[in-house]
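To start, the structure under review is shown below, and the notes come after it.
The values are calculated or read from the model by the stated rules, or taken from the named source; none is laboratory data. What you see is a predicted model, and the numbers here were worked out from it, not measured in a lab. So basically every Cβ, Gly included, is an ideal-geometry build from the backbone, and we count neighbours across all protein chains shown. For the accessible areas, the whole protein counts, side chains as well, though only heavy atoms, and no ligand, DNA or RNA atoms are used. Shrake-Rupley method; radii C 1.70, N 1.55, O 1.52, S 1.80 Å.
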Amino acid sequence: MFRIASIGLTAIMLGASSQSSPVERPDPGVALALAEQRAARVSNLRYELHFTIPEAQTAAVHGRVTLRFDLADPARPLVLDFAAPQDAVTDGTLNGRLAKPEYSIDHLVIAPSDLRKGVNEITLEFRSADAPLNRNPEFLYALFVPARARQAFPCFDQPDLKARYTLSLDVPKGWEALSNAAATTRDDRGTHSTLRFEETRPISTYLFTFAAGRFQIETAERNGRRFRMLHRETDAAKVARNKDGIFDLHAGALAWLEAYTGIPYPFGKFEFLLVPSFQFGGMEHPGSVYYSASGLFLDESATQNQKLGRASLIAHETAHMWFGDLVTMRWFNDVWMKEVFANFMAAKIVNPAFPEINHDLRFLYAHYPAAYDVDRTAGTNAIRQPLENLNEAGSLYGAIIYQKAPIVMRHLEMLLGADAFREGLREYLNAYAFGNATWSDLIAMLDRRTPDDLAAWSRAWVEEAGRPVVTTELKTDAKAVESLALTQHDPSAARGLLWAQPLSVAVGYRRDGVATKVRLTGPRVDVPLAPSGSARPLYVLPNNDGVSYGNFVLDPASRAHLLAALPDDEVARGSTLVMLWEEMVDGRIVSEVMFDSLLATVAVERNELTIQRMLGYLQRAYWRWIPADYRAKRARNLEQVLREGLDAARTTSVKSAWFNALRDMAVTPPTLAWLERVWRKTETVPGLILAEPDYITLAQELALRGGPNAEAILEEQIGRTLNPDRKARMVFVRPSLSADTTVRDAFFVQLNDPVRRRREAWVLEGLGYLHHPLRAASAEQHVGASLDMLREIQRTGDIFFPKRWMDATLSGHTSAAVADAVTAFLGALPEDYPDRLRRIILSAADDLFRVTRRGR
Ligand SMILES: [Zn+2]
């Protein structure tokens, strides 16, 4: 469609029912130009909303909205967002006149004759689309991020038109409900109940929400604040075991944030809903946070990592109340800001609650490997990306925002100093409270507090993609070091970017090194050696403190030494581990050598976080990087190391990490027979507690290996499963595990139907099994169709779905045929193919490309 660049509107004649003057028809989605134009015209916005939620999942949700706002310029049509069929608006009153606005794709257009200067009041009755309401047999929850409120009700669906919402809900009798503000009244009448909620503070559409259903409610009081937790967990012991911890973590995070920001919690009441199979880890609706139930209700066997993960998740969502909810990005191109601050604050908040954890090590593992997994690929992106239309906002999210940005923010805090950084943030939060701001607004405030050029710093780290290649240049003679320098270069030679960052370099004479801190700003930095003429070291380890970010190229002697013996210091050891993995991925270490090094080092590792990281790398090396014949050769040895690790582990959490690794990598008959006995509960593992989800996964992994009892195990496990949500999920996933390829093929084919793709976690689990390395040969034929579906996946799915869909599709494949199929697909993309989806494919296929390029 032709687009007038300045405003993104096209003047056309609407249908016969419209007035005879031309009106402007907006582009589908929510275009930046439209949003800017509306933000300049509309103010003092209020929504009064009512939804009627029927008991039957198949019956439509109906609603009524009254928008009240001031309009600066009534001489031009006003565009509302409503992505629904033409007949979805059933009635309307436009400033007192009974009439409906003109329909346009994704929009409703109100003609100037129905608008006034000053106060306007528009009332519309409508039918909501089901997709953003996440309807289930006994509950539903609205999830409007990034721009899906417009599917549920007519609105201005952009983050910088904050509004106050007054909501009422009709729900089936016996259902509970929650929204951003507290419920004031509840009237039970016949088969229905009506709940009314207080008016909210000003919030963005993507943060407005409500949920209703058959929920259990737990309450608690902490620091004089009353908390409510709604959930559907059927295991009462599990709830009892977890709930106090969950309330404590919320109260602790709130208190910390109030102290750090100097601003009291801005949104009144605080409730949260635990959703079974939630699309995300959590979603930060003000006053009404949603979580994935499995992230908060931990099993007794929960690992230290899972406990940390839970604390971080709660701190992350709580931090959003200030960073994102109180001050919101003006447009979704700056969505990374709220995510980086939430992650950054979460790391600060979680630390005091886990004094036994090495937090620098945890930060390293939580951020660097995942950021590198994207930033090393041809599909990487800058932290800050342009965004022309909100219908593409979903594809902005990913590891660069969630993992790289916090690293960059930590560098920024180091550059400014913690106090100046906090003062800058306080100024920013106070200046833009209940409003919106951009990254540039923040950088301007921080720039006043440092002599460094923050704009130049921001260009390399925030506005551009990728990472520097940092190379050790060590000159030695037979006995002594002559010189030591670190150089950096941009892997994209044409761009020639330089990244400024702190860099610590350890020179090791025994297991631990002597560290020197320098600042890498230009292409090269000399590392002073003291005393001069130092003896020749065992190794030189750049980034021994794990702070710097890049692709580190070790000198050959240090590489060989570190592969055989990691440093003693926990952070230096972790940083080395990540560095060696990157060296292998980049082709400087042979994958078999890396695998054997991991196997030898994990056997003697004592730090739980490092064991977890090593087991993760081991698994990835095993299934993806080492050749199949080497895998077969090493299987018995691997399983023996894992069994010994499991037996020797002293805590439940580390035991379960070893067990899970064994479960996921086992292939030899004796180990599989033992796992089956554990699943049958005829054998127990001392110190290991398995809960329902563990037995489900174990049953599925056993079935995947295709033993004679595979189907009987699945059948029995479904019968054993008490939780209805988990049972339904397992029934859905089951065909993906069948030994019969026609059943597996049918599992994939049904995913053509968007309705069958609604429960994304289920789909991804099944897709992972379908394309598992053990089944990769028979799944190759589905890769092409999976690629073909990606555009539709983006259109119909939630924000993380396209990348996860591609990851689940490609992660099991290592054949040249699949690599060629992906290359051919990329080579034949139509001109209008979204660049972000192309990048998602490139980053998901990166391992596949690298592995096959090496000739297997
Ligand atoms: Zn977040």
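What does the charge count around Asn391 come to, taking other residues whose C-beta lies under 11 Å from its C-beta (Lys +1, Arg +1, Asp -1, Glu -1)? Write out the running numbers ahead of the final one.
Values: positive: Arg148, Arg150, Arg795; negative: Asp27, Asp81, Asp106, Asp157, Glu388, Glu392.
Once positives and negatives cancel, what remains is -3.
For segment 47-118, taking Cα atoms only, what is the radius of gyration to one decimal and the Dmax to the nearest whole Å?
For segment 47-118, the Cα-based Rg and Dmax read 13.8, 44 Å.
Rolling a 1.4 Å sphere over the protein heavy atoms, what is the accessible area per residue of the chain, to the nearest Å²?
Values: 31990 Å² over 856 residues.
That works out to 37 Å² per residue.
Under 11 Å from the Cβ of Arg241, count the other residues' Cβ atoms, weight Lys and Arg +1, Asp and Glu -1, and hand me the total. Please list the in-between numbers first.
On the way: positive: Lys238, Lys243; negative: Glu233, Asp235, Asp244, Asp299, Glu300.
Residues near Arg241 contribute -3 overall.
Using a Cα-Cα cut-off of under 25 Å, which lysines could be cross-linked to Lys117, ignoring same-chain neighbours fewer than 8 residues away?
Within the straight-line cut-off, Lys117 pairs with Lys100, Lys162.
Share of segment 129-245's accessible area from carbon and sulfur, percent, 1.4 Å?
Working: 1720 of 4020 Å².
Heavy-atom surface of segment 129-245 belonging to carbon and sulfur, 1.4 Å probe: 43 percent.
Could you tell me how many degrees, from 0 to 90 and to the nearest 10, lie between the Cα long axis of helix 405-416 and the main elongation axis, the longest principal axis, of the Cα atoms of the chain?
Helix 405-416 sits roughly 80 degrees off the main axis of the chain.
Among Val818, Ile689, Pro386, whose Cα lies farthest out toward the positive end of the dipole of the chain, if unit charges sit on the beta carbon of Lys, Arg (+1) and Asp, Glu (-1)?
The listed residue farthest towards the positive side: Ile689.
Excluding residues on the same chain fewer than 8 positions from Lys475, give the lysines whose Cα lies under 25 Å from its Cα.
Lys475 reaches Lys517.
Roughly to the nearest percent, how much of the accessible area of segment 560-604 is carbon and sulfur, given a 1.4 Å probe? All intermediate terms of the calculation are to be shown ahead of the outcome.
Working: 750 of 1290 Å².
With neighbouring chains kept in place, the figure for segment 560-604 is 58 percent.
Quick one: dipole size for segment 690-841, taken about the Cα centre, charges +1 on Lys/Arg Cβ and -1 on Asp/Glu Cβ, in debye to the nearest 20.
Working: 19 positive and 21 negative charges, 63 e Å.
That gives a dipole near 300 debye.
With charges set only on the Cβ (+1 for Lys and Arg, -1 for Asp and Glu), what does the dipole of segment 506-579 come to about its Cα centre, in debye to the nearest 20?
Working: 8 positive and 7 negative charges, 34 e Å.
Dipole magnitude for segment 506-579 comes out near 160 debye.
For segment 554-592 and segment 441-520, what is the separation of their Cα centres, given in Å?
19 Å
How much net charge surrounds Ser483 when only the other residues with a Cβ under 14 Å from the Cβ of Ser483 are counted, with Lys and Arg +1 and Asp and Glu -1?
Values: positive: Lys475, Arg524, Arg536; negative: Glu473, Asp477, Glu482, Asp526, Asp555.
Computed value for this residue: -2.
Could you tell me which of the pairs Lys727/Lys803; Lys238/Lys727; Lys633/Lys655; Lys655/Lys681; Lys338/Lys404; Lys243/Lys727 are separated by over 19 angstrom between their Cα atoms in the structure shown?
Working: Lys727/Lys803 26 Å; Lys238/Lys727 17 Å; Lys633/Lys655 26 Å; Lys655/Lys681 17 Å; Lys338/Lys404 14 Å; Lys243/Lys727 24 Å.
The answer is Lys727/Lys803; Lys633/Lys655; Lys243/Lys727.
What's the magnitude of the charge dipole for the chain around its Cα centre, counting Lys and Arg as +1 and Asp and Glu as -1 at the beta-carbon? Answer in Debye, nearest 20.
Magnitude of the dipole: close to 480 debye.
Taking +1 at the Cβ of each Lys and Arg and -1 at the Cβ of each Asp and Glu, which of Val678, Val553, Thr610 sits farthest along the dipole of segment 548-704 towards its positive end, judged by Cα position relative to the Cα centre?
Comparing the listed Cα positions along the dipole, Val678 ranks first.
With each run of n ≥ 4 DSSP H residues scored as -39500 (n - 2.57), what mean residue ellipticity at 222 nm is computed for the chain after dividing by its residue count and rounding to the nearest 500 deg cm²/dmol? All intermediate terms of the calculation are to be shown ahead of the outcome.
Numbers: 29 runs with 348 residues, N = 856.
The per-residue figure over the chain is -12500 deg cm²/dmol.
From the C-alpha coordinates alone, can you work out the Kirkwood hydrodynamic radius of segment 763-856, in Å? Let's see the in-between values first.
On the way: mean 1/r = 0.0753 Å⁻¹.
Over segment 763-856, the inverse of the mean reciprocal pair distance is 13.3 Å.
Working out 0.36 nm times the residue gap between Glu711 and Arg189, then minus their Cα-Cα distance, what length gain in nm do you get to one decimal?
Values: separation 522, 0.36 × 522 = 187.92 nm, distance 4.85 nm.
Taking Glu711 through Arg189 to full extension adds about 183.1 nm, to one decimal.
When only C-alpha pairs under 8 Å and at least 6 residues apart count, what is the relative contact order of the chain, in percent? Kindly include the intermediate steps, with their values, before the conclusion.
On the way: 1527 pairs, mean separation 66.7, N = 856.
Here the relative contact order equals 8 percent.
Towards the positive end of the charge dipole of segment 446-494, with charges on Cβ (+1 Lys, Arg; -1 Asp, Glu), say which of Thr450, Ser492, Val469 has the farthest Cα.
Thr450
Heavy atoms only, probe 1.4 Å: what % of the accessible area of segment 354-409 goes to carbon and sulfur, would you let me know?
50 percent
Starting from the Cα of Lys173, draw a straight line to each of the aspartates and glutamates and keep only those under 14 Å, dropping any in the same chain fewer than 8 residues away.
Answer for Lys173, where 14 Å is the Cα cut-off: Glu55, Glu138, Asp187, Asp188, listed by chain and number.
Just need log10 I(q)/I(0) for the chain at q = 0.06, 0.08, 0.09, 0.10 Å⁻¹, Debye formula, equal scatterers on the alpha-carbon atoms, no solvent, rounded to two decimals.
So the normalised log intensities work out to -0.42, -0.76, -0.97, -1.21.
Can you pull a Stokes-Einstein diffusion coefficient for segment 97-212 at 20 °C (1.002 mPa s), Rh from Kirkwood over Cα pairs, as a whole number of µm²/s? Display every interim value, and only then the final one.
Details: Rh = 15.8 Å.
In µm²/s, the coefficient rounds to 135.
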